[in-house]
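Structure incoming, see below.
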Amino acid sequence: MTGSATGHGFTTDRGWLIDRLGRPTLLRGVNLGGATKVPVTPPGATHLGVSFDGWAEVSFVGRPAPLDDLDAHLDRIAGWGMNCLRLLTTWEAIEHAGPGEYDDAYLDYYAEVVRRAGARGLWVFVDPHQDVWSRWTGGDGAPFWCFELAGLVPERFVAAEAVALDTQDWPENYQRAPVATMWTLFYGGDTFCPELSGVQQELQDRYIGAVAALAERVAHLDNVLGYDPLNEPGNGYIGRSARSMTTGWRIFEQDGPAPWSPLEYLAAAAGVPVRRDGGEVLNPDGVSVWRDGCPWQRAGVWDVDDGGRPALADPVRFAERDGVRIDSFADFHAPFIRRFRERLRAVHPDCLLFIEGSPWDRDMPWDDPDPLVVNARHWYDIVALGTRKVSRGEYRGTTDVAGLTEVYVDELRALQRSNEEKSGGLPMLIGEFGVPYEMNGGEAYRTGDFALHERLLHAMYGTLDQLAMSGTQWNYTPDNDHAHGDQWNHEDLSVFCAEDGGGRAVAGFSRPYPRHSQGRPVRMQFEPGSARFELVLDASSLAAGPTEVVVPAVHYPDGVQIEVSAGSAHHDAETGIVLWTLESPAVTTATARLVLQPA
């Protein structure tokens, strides 16, 4: 995978990625890496704060790791049997200095990371990452200069309580005015805020241009599968009902008062102190985040009632158009994705699109016949992620692998059904899933026992096996540590931590799987206790190449025993792959079976 004119060679068919030999393919990999959200210089870890000065003079060269350290990390990932990277970048990393000013040193660095990944047999798809719009709104992604287009003054955000920085409950920033405004303008500014007409196209053009500039550096590398148009894109106010605009919301368990509503945040951001009957006051100093006043108030979205409280002036502004309910994905995300595709395909003609809707929406309506599209939405065990605990009461009375798998299968099968009904049965790759490693107060740090994390991971991967889904786990952060986790908003989901000796809970995710199959898999199951793996293929139609099953050393340290119902198989100890070949017309049954057990 060093680079050629042939490209990656994949297409899709009936819910599967198909390689150039006609083999159904599973991608199993990791997001690299969590700290890529923040710059290397000046150090950007969220616990260090975010500067509102010098925003143009930053560098992301060295994210995910300095080149001198990178090879060891890529070797480790490949050694675990993974075959794919969801490789992070950010809009800010590419275009931080100003509109159209691309960081050539960073683009060269990123291309070298991709090249080295290919030398180790790792496929890559590019993830232009964002969370709650930018570092100045509690997350990562967009460059600072975007706020000027919207008339926002970021230096006032903190004083106006319009953002929360360095907080575990970072998703709550989606409710606040700066984040909701930027997403509304990005996807639907021309529709919802005529005063700022033209900002929508400017933002989209600049963003797409930045990703295209990166694509120009990597499109010739044949291990590049494609691009995610946007990580976990927000809807802003688009699609919100009156109830949604007036109701507070959060996903992380925490003490303290109930969250403020989007309407209350919107009024407070305009410099209106918002008071509750209980005595709490939002933005008591009346600081406005707007350079020239709130455009949403001028547009008639909200106003202040006779009692001095914020009120919706147009309750259906964001929920309906001409009496028809707005679908945020179909009406606004999908047109952007098509614009993104047109520009990226001009640079990289055969690239796959790994599309995802807002993480808050289950359905992702997509009726486009493009054969190079993958449903790459995300899924988490929201209980474990939100509480950092695992309790039997939340999992139908059990926390063993079988019980957890049953719960997870129900959740992911619902997403699979939605994909079949709303998205045309696209191949599914769960772009993010994973476990927080600081669960139960960081108990595993003190004991070195990651058995709980292994159980959760076995259940997650067992679910992917049962539903025949690809997946890229969140995440691998080379500079993860116990004190600050992934260096971003107190998250700690990295499978790697030097303080824990390298990989964590490796046995839970380094598992056997068919990376390429000669026939379509109809069953695959791994039993963690015995390390027995069974794969059953539909043998009625066979591809040109053999089945390739990854056999990780963590479960098969002394080699592997192989049993097949048809064909021949052997273990290549050097690569850790079992090659299983079926030859027509020797296969006389509808299915063929392979069983692996430790030697």
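List pairs: first in region 78-92 and within 16 Å of residue 576 (Cβ to Cβ) and part of a loop (DSSP other than H, G, I, E, B), second among the aliphatic types (A, V, I, L, M) and open to solvent by 10 Å² or more (accessible area, probe 1.4 Å), Cβ under 7 Å, 6+ apart or cross-chain?
Taking only residues 6 or more apart or on different chains, the pairs are 80/506.
Out of 298, 317, I need the residue that is in contact (Cβ under 8 Å) with a residue 12 or more places away in the chain, basic (Lys, Arg), more than 22 Å from residue 134 (Cβ to Cβ) and crowded, with 19+ Cβ neighbours inside 10 Å. Which one?
Working: 298 fails: crowded, with 19+ Cβ neighbours inside 10 Å.
Sole residue among the options that is in contact (Cβ under 8 Å) with a residue 12 or more places away in the chain, basic (Lys, Arg), more than 22 Å from residue 134 (Cβ to Cβ) and crowded, with 19+ Cβ neighbours inside 10 Å: 317.
Turning to a different aspect of this structure: Please go through region 525-541 and pick out each residue that is crowded, with 19+ Cβ neighbours inside 10 Å and either in contact with a Pro (Cβ under 7 Å, 6 or more places away or on another chain) or touching a residue at least 60 places away in the same chain (Cβ under 8 Å) (or both).
526, 531, 533, 535, 537
Let me ask something else about it. Return the residue satisfying two criteria in turn: it lies in region 370-422 and is under 11 Å from residue 459 (Cβ atoms) and among the β-branched types (Val, Ile, Thr), and of such residues it is nearest to the chain's Cα centre (by Cα).
409
OK, next. Anything in region 258-291 that is under 30 Å from the mean Cα position of the chain (by Cα) and farther than 18 Å from residue 313 by Cβ? List them, or say none.
Taking region 258-291 as the starting set, the residues that turn out to be under 30 Å from the mean Cα position of the chain (by Cα) are 258-266, 269, 289.
Matches in region 258-291: 258, 259, 260, 289.
Does region 50-59 contain at least one residue that is in contact (Cβ under 8 Å) with a residue 60 or more places away in the chain, exposed (fewer than 13 other Cβ atoms within 10 Å of the Cβ) and either closer than 24 Å to residue 434 by Cα or out of contact with any Leu (no Cβ under 6 Å at 6 or more places or on another chain) (or both)?
Among the residues of region 50-59, at least one is in contact (Cβ under 8 Å) with a residue 60 or more places away in the chain, exposed (fewer than 13 other Cβ atoms within 10 Å of the Cβ) and either closer than 24 Å to residue 434 by Cα or out of contact with any Leu (no Cβ under 6 Å at 6 or more places or on another chain) (or both), which makes the answer yes.
Any chance you could count how many residues in region 519-548 are under 22 Å from residue 405 (Cα atoms) and of a type outside the set (Ser, Thr, Tyr)?
Of the residues in that region, 15 qualify.
Specify which of the listed residues (424, 397, 357) is open to solvent by 40 Å² or more (accessible area, probe 1.4 Å) and touching a residue at least 12 places away in the same chain (Cβ under 8 Å).
Numbers: 397 fails: touching a residue at least 12 places away in the same chain (Cβ under 8 Å); 357 fails: open to solvent by 40 Å² or more (accessible area, probe 1.4 Å).
Result: 424 is the single residue among 424, 397, 357 that is open to solvent by 40 Å² or more (accessible area, probe 1.4 Å) and touching a residue at least 12 places away in the same chain (Cβ under 8 Å).
From the list 69, 108, pick out the single residue that is in a helix (DSSP H, G or I), open to solvent by 30 Å² or more (accessible area, probe 1.4 Å), of a type in the set (Asp, Glu) and within 19 Å of residue 498 (Cβ to Cβ).
69
Is there any pair with a first residue in region 273-285 that is more than 16 Å from residue 304 (Cα to Cα) and a second that is open to solvent by 50 Å² or more (accessible area, probe 1.4 Å) and among the small types (Gly, Ala, Ser) whose Cβ atoms are under 7 Å apart and which are 6 or more apart or on different chains, and what are they?
Matching pairs, first to second residue: 285/159.
Here's the yes/no breakdown for (1) at pLDDT below 95; (2) in a helix (DSSP H, G or I); (3) in contact with a strand residue (DSSP E or B) (Cβ under 8 Å, 6 or more places away or on another chain):
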residue: 187; (1), (2), (3): no, yes, no
residue: 190; (1), (2), (3): no, yes, no
residue: 200; (1), (2), (3): no, yes, no
residue: 216; (1), (2), (3): no, yes, no
residue: 222; (1), (2), (3): no, no, no
residue: 232; (1), (2), (3): no, no, yes
residue: 235; (1), (2), (3): no, no, no
residue: 248; (1), (2), (3): yes, no, no
residue: 251; (1), (2), (3): yes, no, no
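Another one. Can you confirm whether region 553-564 contains a residue that is in contact (Cβ under 8 Å) with a residue 60 or more places away in the chain, closer than 26 Å to residue 455 by Cα, out of contact with any helix residue (DSSP H, G or I) (no Cβ under 6 Å at 6 or more places or on another chain) and surrounded by 19 or more Cβ atoms within 10 Å (Cβ to Cβ)?
No, region 553-564 has no match at all.
Does residue 115 fit the bill of being among the basic types (Lys, Arg), open to solvent by 10 Å² or more (accessible area, probe 1.4 Å), touching a residue at least 60 places away in the same chain (Cβ under 8 Å) and over 28 Å from residue 17 (Cβ atoms)? Outline the logic, then answer.
On the way: among the basic types (Lys, Arg): yes; open to solvent by 10 Å² or more (accessible area, probe 1.4 Å): yes; touching a residue at least 60 places away in the same chain (Cβ under 8 Å): yes; over 28 Å from residue 17 (Cβ atoms): no.
No, not satisfied.
In region 354-384, how many residues are among the hydrophobic types (A, V, I, L, M, F, W, C) and either assigned to a loop (DSSP other than H, G, I, E, B) or closer than 22 Å to residue 200 by Cα (or both)?
Our first condition is that a residue be among the hydrophobic types (A, V, I, L, M, F, W, C); within region 354-384, this holds for 354-355, 360, 364, 366, 372-374, 376, 379, 382-384.
Checking which are either assigned to a loop (DSSP other than H, G, I, E, B) or closer than 22 Å to residue 200 by Cα (or both) leaves us with 355, 360, 364, 366, 372, 376, 379.
Final tally of qualifying residues: 7.
So, one more: Before we move on, is residue 436 farther than 15 Å from residue 385 by Cβ, in contact (Cβ under 8 Å) with a residue 40 or more places away in the chain and not aromatic (Phe, Trp, Tyr)? Break it down stepwise before answering.
Working: farther than 15 Å from residue 385 by Cβ: no; in contact (Cβ under 8 Å) with a residue 40 or more places away in the chain: yes; not aromatic (Phe, Trp, Tyr): yes.
No; evaluated as a whole, the condition is false for this residue.
The values are calculated or read from the model by the stated rules, or taken from the named source; none is laboratory data. Note that the coordinates shown come from a computational prediction; the quantities given were computed from them, not determined experimentally. Reconstructed Cβ throughout: ideal geometry from the backbone, glycine too, with neighbour counts over all protein chains shown. Protein only, heavy atoms only, side chains kept; ligands, DNA and RNA dropped before computing areas. Shrake-Rupley method; radii C 1.70, N 1.55, O 1.52, S 1.80 Å.
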